[in-house]
Amino acid sequence: MYYIGVDLGTSAVKLLLMTGDGKIEKIVSEEYSLYFPHPGWSEQKPEDWLDAVLKGIKELTEGIDKTQVAGIGAGGQMHGLVVLDKDDQVIRPAILWNDGRTQEETDYLNDTIGKDKLRSYTGNIAFAGFTAPKILWMKKNEPENFAKIAKIMLPKDYINYKLSGVNSTDYSDASGMLLLDVKNKCWSKEMLDICGITEDMMPKLYESYDITGTLLPEMAKELGLPESVKIVAGAGDNAAAAIGTGTVGNGRCNISLGTSGTLFISSDSFNVPPDGIHSFAHADGAYHLMGCMLSAASCNKWFMDQIIRTSDYPKEQEGITDDKLGRNHVYYLPYLMGERAPHNDPFCRSCFIGMTMDTSREDMTQAVLEGVAFGIRDSLEEIKRLGVDVKKSMACGGGMKSPLWRMIFANVLNITLTIPETEQGPGYGGAILAAVACGEYSSVQDACDKLIRVTGEVKPDPDLAALYEKRYQTFRKLYPALKGIFPEL
């Protein structure tokens, strides 16, 4: 049988076709537009996502026996606010995860409602990217649109709804809304009341590997697929990517270095997190801790594309030789879009510090790579406060394809990085969840044990790790020193 995995990203949707034994037969990608109507705002049209997914599925399944397609599972960008009216029409463009307009609402939730109450209601505090602050923003700034709301959903769930007609979400994605009581896996009545919404507006909750419906007849006809194709609840992108790297079971770790960067640690039980860390449900039915930085590999892309204007990323790293590692005098703060974990500060900004007359192009490139690793280390330090001891982590995402960046990460974090054989992010995790839902495997753990293989590892060097430890202790002083200045910028 075939299983389709959908990775609904911020710039494009990536779809893959997987066989029951985990082999990827084909991958297609379809791009869509991203809109910035005001500084700090970030929006997309849900209709564009749907058009891209339908086009991609048609291309993906061209030339195969379509009767063998058994299920579709999606991993998607989290936190985005999608609102539909009583006629199932999109009311306004989706407000995305990286949108920064809700600082006033976030402050209201954290300071007026209070962090302790938020933790008791949801297990987490408010972040500007979460869905609940977006709802409050819409209530205050677009009351006419707010009054039309009949359904509230997340980006991937809009796709599933259009495919199946079932308004559903999974616990991992719902965890990032600040509307879910994560520990008890139910909608928080208190948070719904605070936001002025009702439970009948919310999607029905499922585990990520649950079947939520099948293809609507009109969708089956358009796609040329059987109506029996099962739609699976799926997962938030980070949880789906963790499934795709086998990060299931207590204490397993995955570091994803994409547009954003995440440190993801699976847990058998729910943990109340420190202020800058998330504690969410996992796609395997358990829980996870996560630190998410908003700009990770995108920092290097920005520096390469916009500043030194080159597309040859590997060439720019050639001059960063082993003798330079741990000895750079330049520091870079990776806050191009503000920061989530662990600072929860939309006002902080990127900067270079420590440049002198002999600072080179390579020094600045190295500082960018190191700054992102230091940023992930910040989250790791917060999670260590819970008694979690990480010795090894899977490494995925486009940035981790760089051997140099992997070496920097291994030594900055002083842990061993393992490299998965198949690294296709949330799409692969979505396909695995579909295979589990359709009975191909007995559980998510069973599927990961059989499908996920490691091709190599990068171990820290004790001497280099010691050099980076000293540099990290300097790095961690920079944000507090500059915090008061950032809002003035």
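Collect the residues in segment 61-113 that are part of a loop (DSSP other than H, G, I, E, B), of a type in the set (Val, Ile, Thr) and surrounded by 15 or more Cβ atoms within 10 Å (Cβ to Cβ), keeping them in residue-number order. Break it down stepwise before answering.
If we filter segment 61-113 for residues that are part of a loop (DSSP other than H, G, I, E, B), which is where we start, we get 61-65, 77-80, 85-89, 91-93, 96-102.
Now drop any that are not of a type in the set (Val, Ile, Thr), which leaves 61, 64, 91, 102.
Residues satisfying the conditions are Thr61, Ile91, Thr102.
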Any residue at all in segment 197-215 that is surrounded by fewer than 17 Cβ atoms within 10 Å (Cβ to Cβ), farther than 30 Å from Gln445 by Cα, in contact (Cβ under 8 Å) with a residue 40 or more places away in the chain and not assigned by TED's automatic domain parsing to the domain that holds Asp284?
no
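Condition check ((1) at pLDDT below 95; (2) of a type in the set (A, V, I, L, M)) across all residues:
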| site | (1), (2) |
| --- | --- |
| Ala373 | no, yes |
| Arg377 | no, no |
| Gly398 | yes, no |
| Lys401 | yes, no |
Can you run down the residue pairs with Cβ atoms below 7 Å, 6 or more apart or on separate chains, where the first is in segment 392-413 and within 16 Å of Gly326 (Cα to Cα) and the partner is of a type in the set (Ser, Thr, Tyr) and assigned to a helix (DSSP H, G or I)?
Asn411/Tyr468; Val412/Tyr468; Val412/Tyr472
List pairs: first in segment 45-60 and at negative phi, second assigned to a helix (DSSP H, G or I) and among the basic types (Lys, Arg), Cβ under 6 Å, 6+ apart or cross-chain?
Leu50/Lys162
For segment 331-345, which positions are crowded, with 20+ Cβ neighbours inside 10 Å and closer than 24 Å to Thr359 by Cβ?
Tyr332, Leu333, Pro334, Tyr335
Which number in (1) free of Cβ contacts under 8 Å to residues at least 60 places away in the same chain; (2) small (Gly, Ala, Ser); (3) touching a strand residue (DSSP E or B) at 6+ places or on another chain (Cβ under 9 Å) marks the one condition that Ser442 misses?
(3)
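Could you list, in sequence order, all residues of segment 266-282 that are outside any loop (DSSP other than H, G, I, E, B) and closer than 23 Å to Ser120 by Cβ? Before the answer, list the steps.
At the first step, the residues of segment 266-282 found to be outside any loop (DSSP other than H, G, I, E, B) are 266-267, 278-281.
Passing the criteria: Ser267, His278, Ser279, Phe280, Ala281.
For Thr418, are the conditions met, namely being at pLDDT 95 or above and within 11 Å of Thr245 (Cα to Cα)?
Numbers: at pLDDT 95 or above: yes; within 11 Å of Thr245 (Cα to Cα): yes.
Spelling it out, Thr418 is indeed at pLDDT 95 or above and within 11 Å of Thr245 (Cα to Cα).
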Return the total of residues in segment 366-397 being more than 21 Å from Ala465 (Cβ to Cβ) and either touching an Asp or Glu at 6+ places or on another chain (Cβ under 9 Å) or among the aliphatic types (A, V, I, L, M) (or both).
3
How many of the residues in segment 68-127 are more than 21 Å from His343 (Cα to Cα) and aliphatic (A, V, I, L, M)?
12
Of the residues in segment 168-181, those that are over 17 Å from the mean Cα position of the chain (by Cα), under 26 Å from Lys230 (Cα atoms) and either of a type in the set (A, V, I, L, M, F, W, C) or not assigned by TED's automatic domain parsing to the domain that holds Ile231 (or both) come to Leu180
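Sort out for me the helices (runs of 4 or more DSSP H) sitting completely within segment 135-191 that have 2 or more residues that are in contact with a helix residue (DSSP H, G or I) (Cβ under 9 Å, 6 or more places away or on another chain) and surrounded by fewer than 23 Cβ atoms within 10 Å (Cβ to Cβ). Before the answer, list the steps.
Details: elements: 143-147, 155-164, 171-174.
The helices (runs of 4 or more DSSP H) meeting that bar are 143-147, 155-164.
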Considering Lys459, Lys392, which residue is touching a Leu at 6+ places or on another chain (Cβ under 9 Å), surrounded by fewer than 21 Cβ atoms within 10 Å (Cβ to Cβ), under 18 Å from Gly249 (Cα atoms) and modelled with pLDDT of 95 or more?
Lys392
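The values are calculated or read from the model by the stated rules, or taken from the named source; none is laboratory data. Quick caveat: nothing in here was measured; it's all calculated off a predicted structure. Cβ: placed from backbone, ideal geometry, glycine included. Neighbour counts: every protein chain shown.
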